[in-house]
């Protein structure tokens, strides 16, 4: 049964292409980018604005500037893609029953697109009253 | 000095479940754990089963879990693990009896990376020459003795036996970075599978477990790097 393993590994490599390779590479690159973006985000919100001052008006004023909208959009995309792929790794590692595996990965994928779309929708369409 | 050796025993013909055997052994602190196992087998309980061959850290037969770490029983001194020594079979491979595990899944992964020289070019009249610098690239990974301590210390392998595992990647590394070999592309393709090198989560257990002190996680990273750069 194990002799077919080499053949199966080769077949698997062919079928899946470079997806895992790019996923791994994305995790490294986005990790570095997130480190900088999240630190800047925290610095801005905590020290420049101050947590006690954050309210609707502050966010509305901030989004007057399209650069902040782009910043927040990228923060959303990088953070959630990085996090969702990490959750995919956990499912791959720990969930072995094929049914559960497919179910959880499907739920994760739907959740991923739902939250990305909701966030992007707000960022693009928000108008200060 | 007297030490207590706790051994996870299992005989599939008699035991429904593995059980812990406890043995009091009189040993010197400079004896090895292997000596304690010998003492138990020779004078206390002849049914104790374990693998060992050279007894000098070269053959790789007596890898086992000693006080929670994968070690060669012939390379661990009593004084470093006394007074209570817990010995278990390697994790992640089926137990055949006591400390003997079925190594076949391990060797199947080993064979999957084609661990032999691939070169169809006509051989030169004498040796295929290599500079010291070219040799240095894979010098570390030539030291592997296939004891399976690394692969069976890897949580990614415990969770998913299909993962090719650190030892097989080390063996692939040994040929991928060998200037005389021409099979790098094929081997990298095999390791690019989802159960190939990408299942490594950089946990570093393999590096800690290796009795040959190979920097395994680094070797895995070099393979990942070679794959990424072959695509960029």
| Boolean, residue B:99 is in contact (Cβ under 8 Å) with a residue 60 or more places away in the chain and either buried (at least 16 other Cβ atoms within 10 Å of the Cβ) or over 14 Å from the mean Cα position of the chain (by Cα) (or both) | yes
| message | I need a count of the residues in the stretch B:163-185 that are more than 19 Å from residue B:107 (Cβ to Cβ) and within 10 Å of chain A (Cβ to nearest Cβ). | response | 0
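Quick grid of which residues meet (1) free of Cβ contacts under 8 Å to residues at least 40 places away in the same chain; (2) more than 15 Å from residue B:148 (Cα to Cα):
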residue: B:22; (1), (2): yes, yes
residue: B:28; (1), (2): no, yes
residue: B:32; (1), (2): no, yes
residue: B:40; (1), (2): yes, yes
residue: B:60; (1), (2): no, no
residue: B:71; (1), (2): no, no
residue: B:83; (1), (2): no, yes
residue: B:89; (1), (2): no, no
residue: B:106; (1), (2): no, no
| query | Hey, among A:83, A:99, which residue is surrounded by fewer than 16 Cβ atoms within 10 Å (Cβ to Cβ), away from chain B (no Cβ under 14 Å) and farther than 22 Å from residue B:198 by Cα? | reply | A:99
| query | In the stretch B:88-104, is there at least one residue being in a helix (DSSP H, G or I), touching a strand residue (DSSP E or B) at 6+ places or on another chain (Cβ under 8 Å) and at pLDDT 95 or above? | reply | no
| message | Quick check on my filter: what residues within the stretch B:189-216 are in contact (Cβ under 8 Å) with a residue 40 or more places away in the chain, touching a helix residue (DSSP H, G or I) at 6+ places or on another chain (Cβ under 8 Å) and surrounded by 21 or more Cβ atoms within 10 Å (Cβ to Cβ)? | response | B:190, B:191, B:199, B:200, B:205, B:206, B:209, B:210, B:214, B:216
| task | Specify the residue that is surrounded by the most Cβ atoms within 10 Å (Cβ to Cβ); the eligible residues are those in the stretch B:107-143 that are closer than 19 Å to residue B:188 by Cα and within 14 Å of the chain's Cα centre (by Cα). | result | B:109
| remark: Note on the stretch B:144-158: residues crowded, with 18+ Cβ neighbours inside 10 Å and part of a helix (DSSP H, G or I) are B:151, B:152, B:153, B:156, B:157
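The values are calculated or read from the model by the stated rules, or taken from the named source; none is laboratory data. From a predicted model like this one, the values you see are computed outputs, not experimental measurements. Cβ: placed from backbone, ideal geometry, glycine included. Neighbour counts: every protein chain shown.
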